[in-house]
1. Pairs please, first residue from segment 74-100 and under 18 Å from residue 132 (Cα atoms) and without any contact (Cβ under 8 Å) to a residue 12 or more places away in the chain, second anywhere and charged (D, E, K, R) and part of a helix (DSSP H, G or I), Cβ atoms under 8 Å, 6+ apart in sequence or on different chains.
2. Taking the residues in segment 139-158 that are farther than 10 Å from residue 13 by Cβ and outside any helix (DSSP H, G or I) as candidates, determine which candidate is farthest from the chain's Cα centre (by Cα).
3. Could you list all residues from segment 148-164 that are over 15 Å from residue 25 (Cβ atoms) and in contact (Cβ under 8 Å) with a residue 40 or more places away in the chain?
4. Here is a list of conditions, (1) surrounded by 16 or more Cβ atoms within 10 Å (Cβ to Cβ); (2) over 28 Å from residue 16 (Cα atoms), and residue 135 meets all of them except one; can you say which number that is?
5. Against the definition (aliphatic (A, V, I, L, M) and under 23 Å from residue 39 (Cβ atoms)), how does residue 93 come out, yes or no?
6. Which of the residues that make up segment 17-45 are at pLDDT 90 or above and farther than 30 Å from residue 146 by Cβ?
7. Working only within segment 3-35, note down all residues that are farther than 18 Å from residue 154 by Cβ, touching a residue at least 40 places away in the same chain (Cβ under 8 Å) and not polar (S, T, N, Q).
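The values are calculated or read from the model by the stated rules, or taken from the named source; none is laboratory data. These numbers were taken from a predicted model, which means no experiment stands behind them. Cβ atoms come from the backbone with ideal geometry, glycine included; neighbour counts cover every protein chain shown.
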Amino acid sequence: MAGTLAIAVRLPGVFAPAAFRAVAMKFPRNILVGRILMGIMAAVVWWVMYRSATDEWKWAQPFIFLGVPVAYLLVINFGTQYLALRAVAAALLLIAKPMVDAADMSLAPGRLIVTVVAYLWVVAAIWMTVAPHHFRDLIGFLMANDRRCRLACSAGIAVGVALVALGVLVY
């Protein structure tokens, strides 16, 4: 799933780089997209945390039930700077966990590739959260012209194809 998402997000950058560049340059500060993505991430986090409250943590379920929506409202109202980029960072963290779990269950040597990619995504998520202006500048550098845009998107598609291939052949 992570591989197909990586491919789907970057395909427009190969076929229509000018339009993709325009959207990519505005993305980090897009508040509406940030609120929608952060809402999706909050719903996923709420579901994961609510379901993981086992017997000894059942007492925390009411706090989780109320706390996550309150945290979402606080974030979208007071943390609007680079909200979309930080929502992507949350998505990378949420996607990395199942990738590492799936790799841990496999004995194939290819599992290390997925583990490394997942940890690189964690580092990227930390970077996006701590210094989003650096990531915005990186986007500006990679989207400076059509050639760089196609090259960067092609590299992302290659990673996505590798993840899909590993998912089909190894897992």
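1. If the second residue must be charged (D, E, K, R) and part of a helix (DSSP H, G or I), the pairs left are 79/86.
2. Restricting to residues being farther than 10 Å from residue 13 by Cβ and outside any helix (DSSP H, G or I), the top hit is 145.
3. First pass over segment 148-164, keeping only residues over 15 Å from residue 25 (Cβ atoms): 150-151, 154-164.
Of everything in segment 148-164, those that are over 15 Å from residue 25 (Cβ atoms) and in contact (Cβ under 8 Å) with a residue 40 or more places away in the chain turn out to be 150, 154, 156, 157, 159, 160, 161, 162, 163, 164.
4. (2) is the only condition that residue 135 fails.
5. Yes, satisfied.
6. 35, 38, 39, 40, 41, 42, 43, 44
7. Within segment 3-35, 25, 27, 28, 29, 31, 33, 34, 35 meet the criteria.
Okay, residues lined up against (1) out of contact with any Ser or Thr (no Cβ under 9 Å at 6 or more places or on another chain); (2) in contact (Cβ under 8 Å) with a residue 12 or more places away in the chain; (3) not in a helix (DSSP H, G or I):
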{"residue": "109", "(1), (2), (3)": "yes, no, yes"}
{"residue": "116", "(1), (2), (3)": "yes, no, no"}
{"residue": "119", "(1), (2), (3)": "yes, yes, no"}
{"residue": "124", "(1), (2), (3)": "yes, yes, no"}
{"residue": "137", "(1), (2), (3)": "yes, no, no"}
